[in-house]
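Shown next, in structure tokens, is the structure this report addresses.
The values are calculated or read from the model by the stated rules, or taken from the named source; none is laboratory data. Since this is a predicted model, take the numbers as computed values, not measurements. Cβ: placed from backbone, ideal geometry, glycine included. Neighbour counts: every protein chain shown. Surface areas here come from the heavy atoms of the whole protein model, side chains and all, with no ligands, DNA or RNA. Shrake-Rupley method; radii C 1.70, N 1.55, O 1.52, S 1.80 Å.
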Amino acid sequence: VSERTIHIGDVADMERLGARLATGLRAGNLIYVRGPLGAGKTTLVRGVLHSLGHRGSVKSPTFTLVEPYAFDRLTVYHFDLYRLKDPEELEFMGIRDYLRGAGACLIEWPELGRNVLPEPDLDVMIEPVPHGRTVVLTAHNNPGHAVLRGLDT
Ligand SMILES: Nc1ncnc2c1ncn2[C@@H]1O[C@H](COP(=O)(O)OP(=O)(O)OP(=O)(O)O)[C@@H](O)[C@H]1O
Ligand SMILES: [Mg+2]
């Protein structure tokens, strides 16, 4: 397990962190994006998607739970489980096919999928602090370490 702590100033800073995360992102990656309401989880994901070439807006896929974004290099599945009522719904939506499949999964509110979701490659925890956000990134395996290394390239 290796860990990085990064201080984020404003929204643009958070989107830049997303772009750095995108550098090392690979098909099959599972990334949790955690933190309280309004922490900046979707802002971070927006940074990832914009840097990969997405032009439009990025909203949390609240009612559908998942939104796919296909790029040449890879497909990203953006999940927001905030409205998940029962982790079992994940089985019904075919979560197994998304995980470890052809895409990278970024999941907001993974806590709500407890007992169904596997351990992530990388856990991103966003904590609001007085002048921005503290972001702690924890890699749990080699694919996670690779994403962490991508932050510096
Ligand atoms: N440094 C910062 N990083 C990210 N967002 C910030 C920052 N400072 C202020 N904000 C504001 O905080 C809000 C973050 O919203 P965002 O939708 O990204 O949060 P979220 O964690 O996805 O929330 P939710 O739990 O509702 O999905 C935005 O309104 C953004 O403008
Ligand atoms: Mg969100």
* GNM top mover of VAL66, VAL135, VAL11 - the chain, alpha-carbon springs below 10 Å -> VAL11
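How much area per residue is accessible in region 73-125 when the probe is 1.4 Å and only protein heavy atoms are counted (Å²)?
On the way: 2590 Å² over 53 residues.
Per-residue accessible area for region 73-125 comes out at 49 Å².
Got a number for carbon plus sulfur as a percent of the chain's accessible area, 1.4 Å probe?
On the way: 3960 of 7580 Å².
Taking all protein chains in place, the chain shows 52 percent carbon and sulfur surface.
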* Asked: ASP10 accessible area, nearest 10 Å², 1.4 Å probe?
  -> 90
* Give the whole-number value, in cubic angstrom per residue, of the convex hull volume spanned by the C-alpha atoms of region 1-72. => 122
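First select every other residue whose beta carbon is under 12 angstrom from the beta carbon of VAL66; then total the charges, Lys and Arg +1, Asp and Glu -1.
Details: positive: ARG83; negative: GLU67, ASP80, GLU89, ASP97, GLU108.
Value of the local net charge: -4.
Counting Lys and Arg as +1 and Asp and Glu as -1, each charge on the Cβ, what is the dipole of the chain about the Cα centre in debye, to the nearest 20? Don't jump to the answer; show the numbers that get you there.
Working: 17 positive and 19 negative charges, 74 e Å.
Charge dipole, the chain, about its Cα centre: 360 debye, nearest 20.
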* Selected from PRO87, THR134, LEU117, residue furthest toward positive end of dipole (region 87-143; charges at beta carbon) -> THR134
* Asked: Sorted from largest down, what three extents in whole angstroms do the Cα atoms of the chain have along their principal axes?
  -> 40, 35, 32
* **Ellipticity estimate at 222 nm from DSSP helix runs (n ≥ 4, -39,500 (n - 2.57)) divided over the chain, nearest 500** => -8000 deg cm²/dmol
* Share, in percent, of DSSP beta bridges within region 54-153 that are antiparallel, nearest 5 -> 70
